[in-house]
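Engineer: Once you've had a glance at the structure underneath, I'll fire off some questions.
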Amino acid sequence: MLEKLARIILRNRLAMIIGLAVITIAMVVLSFRVKLSYETAKILPDDDSTLVAYNNFKQKFGEDGSVMIIGFQSPDLFKLNLFNSWYDLTQEVKKMEGIQEVVSTARSFNVLRNDSLQRLDFKPILTSKPQTQAEVDSVKALLYTLPFYDGLLFNKATNVTVMAITLDQAKINTKSRIEIVQHIKEMGDKFAAENNLTLHYSGLPYIRTAITAKVVAEMKLFLILALVITACILLFFFRSLYPVLFPMIVVMMGVIWSLGTLSLLGFKITILTSLIPPLIIIIGVPNCILLLIKYQQEFAKHGNQARALTRTISKIGVTTFFANLNTATGFFVFRTAKSFRSSELQQQSM
């Protein structure tokens, strides 16, 4: 049966090559449409109690990872020049598109009780840029009388201050977040260089942006390394260009098909799915080596190319099929497995 299938493949090789080329071109188009995931990779299953509670929290209070933090330490925090530079940076960040709110020592509020209207009024501590050191000293004195900010916005003992930047909820999990965070970092680095300071960055928007950038960079790095290393191994064993070139074409087609399939099924590139292209190369090259070795052995026996190809497809084809099926079954286990955390919580609830 397998020999008959091999003969069918060889008789219709031109049609099959054209068909594969057409499908590959379509997959190339789809692979360019595959999107990056700007959300945290989901590890827990949908029915996990912790994840359910977390999703309920977000529905009630909004996205939790919307605040980016930048800060520095300096004994000259409330000196006129440095404070004014911090004020300028705060105002520039606040004017950016996609920024909902900014709070810092240069843009903070005093909560006052309004007895006539029976409500709390939020009055800005600063309404304009300070012009003298005395104005900065008065701001400092007022901030020091508000215990809410001590340890949250600044620290009296260590001379540390932070700026809390709240991003627009609609842009947190989109590509716009990367541009916003990068622009903030550029302005922060400029501020740090002008004032000879070390500025620190934190907050989930910054961390997720850094992770996304690493995913893209490492995906490209692993893909290139996998191609180069496997090409070198093939060249070392076969000492010829063709046994290197054609396996590389085959595995690259596999990579293109995998990315196109991700796009076709609506999946995005995450930390986990970014490992698929290198895995395709690592899994595909051994298959190519087995096929090449068997073909060379058969061709050396009788010198008939068609017979060598037929026997290679019928004998090694079924071997590689079941080997890859075994590998796929191993990966499928992860799809059906529950997390250990979920099992622990279920046992505790019982």
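Engineer: Straight-line reach from K175: which lysines have a Cα under 28 Å away, not including same-chain ones fewer than 8 places off?
Structural biologist: K35, K42, K58, K60, K94, K95, K185, K190, K214, K220, K268
Engineer: With 10 angstrom as the radius, rank I165, I281 by how many other C-beta atoms surround their C-beta, starting from the fewest.
Structural biologist: Working: I165 26, I281 22.
The most exposed by this proxy come first: I281, I165.
Engineer: Only bridges whose two residues both fall in region 66-202 count here: according to DSSP, what percent of them are antiparallel, nearest 5? Each step should come with its number before you reach the end.
Structural biologist: Numbers: 23 of 24 bridges.
Around 95 percent antiparallel, to the nearest 5.
Engineer: Let me see the P(r) profile for the chain: every Cα-Cα distance counted, bins of 10 Å, each bin given as a percent of all pairs.
Structural biologist: 4, 16, 21, 17, 14, 12, 8, 5, 3, 0, 0
Engineer: Would you mind calculating the relative contact order of the chain from Cα pairs under 8 angstrom and at least 6 residues apart, reporting the percent as a whole number? If you can, show how the numbers build up before the last one.
Structural biologist: On the way: 355 pairs, mean separation 97.5, N = 350.
Relative contact order, the chain: 28 percent.
Engineer: While we're looking at this one, here's another question. I need the chymotrypsin sites (Phe, Trp or Tyr not before Pro) found in region 147-195, filtered to DSSP loop residues with at most 12 other beta carbons within 10 Å of theirs. Write out the running numbers ahead of the final one.
Structural biologist: Numbers: sites: F148, Y149, F154, F191; in loops: F148, Y149.
Qualifying residues, ordered by number: F148.
Engineer: For a Förster distance of 41 Å, can you work out the FRET efficiency between the beta-carbons of T319 and V228, rounded to the nearest 0.05? Working shown, then result.
Structural biologist: Numbers: r = 27 Å, r/R0 = 0.67.
Rounded to the nearest 0.05, the efficiency is 0.90.
Engineer: Hey, what angle do you get for helix 305-336 against the long axis of the chain, alpha-carbon based, 0 to 90 degrees rounded to 10?
Structural biologist: 30 degrees
Engineer: Another question, then. Could you state the number of Å between the C-alpha centres of region 302-336 and region 3-36?
Structural biologist: Using only Cα atoms to place each centre, the spacing works out to 17 Å.
Engineer: How far apart, in nanometres, would the label points at S128 and K35 be if each is projected 7 angstrom from Cα along the Cα-to-Cβ direction?
Structural biologist: For the pair S128/K35, the computed spacing is 4.7 nm.
Engineer: Show me, for region 231-243, the HN-Hα J-couplings you get by feeding each phi into the Karplus relation (A = 6.51, B = -1.76, C = 1.60, θ = phi - 60°), rounded to Hz, glycine and proline as x.
Structural biologist: Per-residue couplings from phi come out as 5, 5, 5, 4, 5, 5, 7, 9, 6, 8, 6, 4, x Hz.
Engineer: Rounding to the nearest 10 and keeping the result within 0 to 90°, find how far the Cα-based axis of helix 276-302 lies from the longest principal axis of the chain.
Structural biologist: Helix 276-302 sits at roughly 10 degrees to that axis.
Engineer: Ranked from highest to lowest mean number of other Cβ atoms within 10 Å per residue, what is the order of the peptides 83-92, 112-121?
Structural biologist: Details: 83-92: 19.0, 112-121: 8.3.
The packing order, highest mean first, is 83-92, 112-121.
Engineer: In addition: Restricting to bridges with both residues inside the chain, how much of the DSSP beta-bridge set is antiparallel, in percent to the nearest 5? Could the numbers behind the result be given before it?
Structural biologist: Numbers: 23 of 25 bridges.
Here the antiparallel bridges make up roughly 90 percent for the chain.
Engineer: Sticking with this structure for a sec: What nm value, rounded to one decimal, do you get for the distance between N304 and F334 when each label is placed 7 Å out toward the C-beta?
Structural biologist: The answer from the label model is 4.5 nm.
Engineer: Filter the trypsin sites (Lys or Arg not before Pro) in region 165-259 to those in DSSP coil with at most 13 other Cβ atoms within 10 Å of their Cβ, and list the result.
Structural biologist: Answer by residue number: K175, R239.
Engineer: Sequence gap at least 6, Cα distance under 8 Å: using those rules, report the relative contact order of region 66-202 to the nearest whole percent.
Structural biologist: On the way: 172 pairs, mean separation 58.5, N = 137.
Contact order relative to length: 43 percent.
The numbers here are math on the coordinates, done by the rules we state, and not lab data. Since the model is a prediction, treat every value here as computed from it, not as a measurement. Cβ coordinates were reconstructed from backbone atoms using ideal geometry, including for glycine residues, and neighbour counts include every protein chain displayed.
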